[in-house]
Amino acid sequence: MIITYRNPQDLNDTKEVYFDIPNTSFNNRWKTELKSLLTKNYHLEKNYCFMGFPESPRNVEYLCNEINIAIKQINKFNATGVWVQNGLDDYHILDVFEKDLVMYDESHGVGNAINGDQNSNLGLCMKHDAMNRLHRYFEDLQGEAWGLSLYYKFADYETKYAIRQLNDLCHELESYITSYRKSKFEPEWSQPSQITTWLQAPRKNLLEEDYDLFLDNKFDRVCGGLYLHWAQVGKTHIEVFRDEDGADVDEVVCSTINSLKYYTGEFDIGWAKDITEANAPWHLEEQKQFYQWLSRNGFDPRDKKLANGFIKIGQCNLQKSFGSNDPQEIWKQLAQYLDIYKIEVDGVSNTFDYVWSQDNFKQMQIEVMKPGYDYSSKNIDKT
């Protein structure tokens, strides 16, 4: 597979990056879905793609402003009374997102925790309460892929788009804050990554045998690793474990955890330094604590259907693509090309000649998603 990246400041400046994909049953099914996305000209999502690049123009201020624009639209629609008229509770979001709401300032000290005290050196750390509220707004308003909320079904096009934005922007902001903080005192542990998705990408059910792949790779991630994208909303077990700092959770929180049911032709790429059981003892220790947490909270750590881990599909040829295996050198090069222009796999390709900063980008996305929006509003059951 070849991905052609483009310099968003100079659209004639491009860079090809090469990936090797082993010939396996799952990978072949995944490639079939990816080729379908390419040949049928699905709309590549560029609004939520490059995550955790500390020098990205999509910084805290930009992302908070986009969140507030989405909230303003949701509150505007709520004021029409459509939701209340259809038996739903009033849903007005009071939060105004800004830098001080989502992260601690540097006066709290920036660095690793002192003597294990998690309340020390909080400078530039994420404020989880605010981010959890933001994600809960999304969950309330959209529901799940297999059970959409009535708030979502009754919403107009602009509001459906705004609801979706809450989720995408929440995760993008979390990733940015984490990498930005690391860039200040441990730059080698920044966590840049790439999420490559298409609007309305068709989903296929994972087969029983596919779940073994989660156990094979577990939570290992390597620089240039190509991984299956998590193609549904909701938090994973490991995300909740980390959000709660390993504390036990109640039934309400447990009910919000989702195990992956589907696969698409979409994919993620890890551009961060390798984090594996073999090279990171703290990573191995975290997994041990995570499995203990699962047991305490009523989950079987050996249950592959929990989908705990990442399915690895392939690997970037770093030397061929960047002339280096050094993650920081790769980030330096890739940071100039944070736009996907073309994807080619097995001779099938498509180009994506648009960028997220275009004035008409939002309306372009809404137009693409209108058929799905219309479908979601059909056969509304108020019971």
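A few points about this structure:
- Pairs of alpha carbons in region 182-261 separated by more than 20 Å make up 53% of all such pairs.
- Gain on full stretching of the segment that runs from GLU277 to SER349 - 0.36 nm per residue minus C-alpha separation: 22.3 nm
- Peptide ranges 234-240, 168-174 listed from the most packed, as the mean C-beta count within 10 angstrom indicates: 168-174, 234-240
- Measuring against 32 Å, Cα to Cα, the residue pairs LYS160/LYS235; LYS15/LYS261; LYS127/LYS288 contain LYS15/LYS261 as the ones spanning a longer distance.
- Relative exposure of SER295, SER149, SER349, judged by other C-beta atoms within 10 Å (fewest first): SER295, SER349, SER149
- Loop GluC sites (Glu not before Pro), region 246-297, which have at most 14 other Cβ atoms in a 10 Å radius of their Cβ (DSSP): GLU277
- Summarised in one figure, the compactness ratio Rg/Rh of region 197-352, Cα atoms and Kirkwood Rh, is 0.99.
- The mean sequence distance of close C-alpha pairs (under 8 Å, at least 6 residues apart), as a share of the length of the chain, puts its relative contact order at 27 percent.
- DSSP-loop chymotrypsin sites (Phe, Trp or Tyr not before Pro) across region 250-340, with at most 13 other Cβ within 10 angstrom: none
- FRET efficiency, VAL82 to SER36 (Cβ-Cβ, R0 41 Å, nearest 0.05): 0.70
- Using Cβ point charges alone (K and R +1, D and E -1), the dipole size of the chain about the Cα centre works out to roughly 900 debye.
- Taking all pairs of distinct alpha-carbon atoms in the chain, Kirkwood radius in angstrom: 22.0 Å
- At R0 = 25 Å, FRET efficiency that the Cβ-Cβ distance of TYR62 and VAL368 yields, to 0.05: 0.65
- In this label model, VAL96 and GLU209 are separated by 5.7 nm, measuring between points 7 Å along each Cα→Cβ vector.
- Translational diffusion coefficient (Stokes-Einstein; Kirkwood radius from C-alpha pairs) of region 261-383 at 20 °C, 1.002 mPa s, in µm²/s: 109 µm²/s
- Computed on region 172-304, with alpha-carbon pairs under 8 angstrom and 6+ residues apart, the relative contact order is 34 percent.
- Label positions at GLN328 and ASP216, each projected 7 Å from the Cα along the C-beta direction, are separated by 3.4 nm.
- Compared with the rule-of-thumb size 2.2 N^0.38 Å for a compact globular protein, region 114-216 has a Cα radius of gyration ratio of 1.41.
- Taking every DSSP helix (H) stretch of at least 4 residues in the chain, weighting each as -39,500 (n - 2.57) and dividing the sum by the residue count yields a mean residue ellipticity at 222 nm of -12000 deg cm²/dmol.
- Ranked by the mean number of other Cβ atoms within 10 Å per residue, highest first, peptides 218-227, 358-367 order as 218-227, 358-367.
- Label-to-label distance, THR256 versus GLN232, with points set 7 angstrom from Cα along the beta-carbon direction: 1.7 nm.
- Cβ crowding within 10 Å, taken as a proxy for footprinting-reagent exposure, orders THR264, THR4 from fewest neighbours to most as THR4, THR264.
Each value in this text was obtained by applying a stated rule to the coordinates, not by laboratory testing. Remember, predicted model here, so these are calculated numbers, not experimental data. Please note: Cβ atoms are built from the backbone with ideal geometry, for glycine as well, and neighbour counts cover all protein chains shown.
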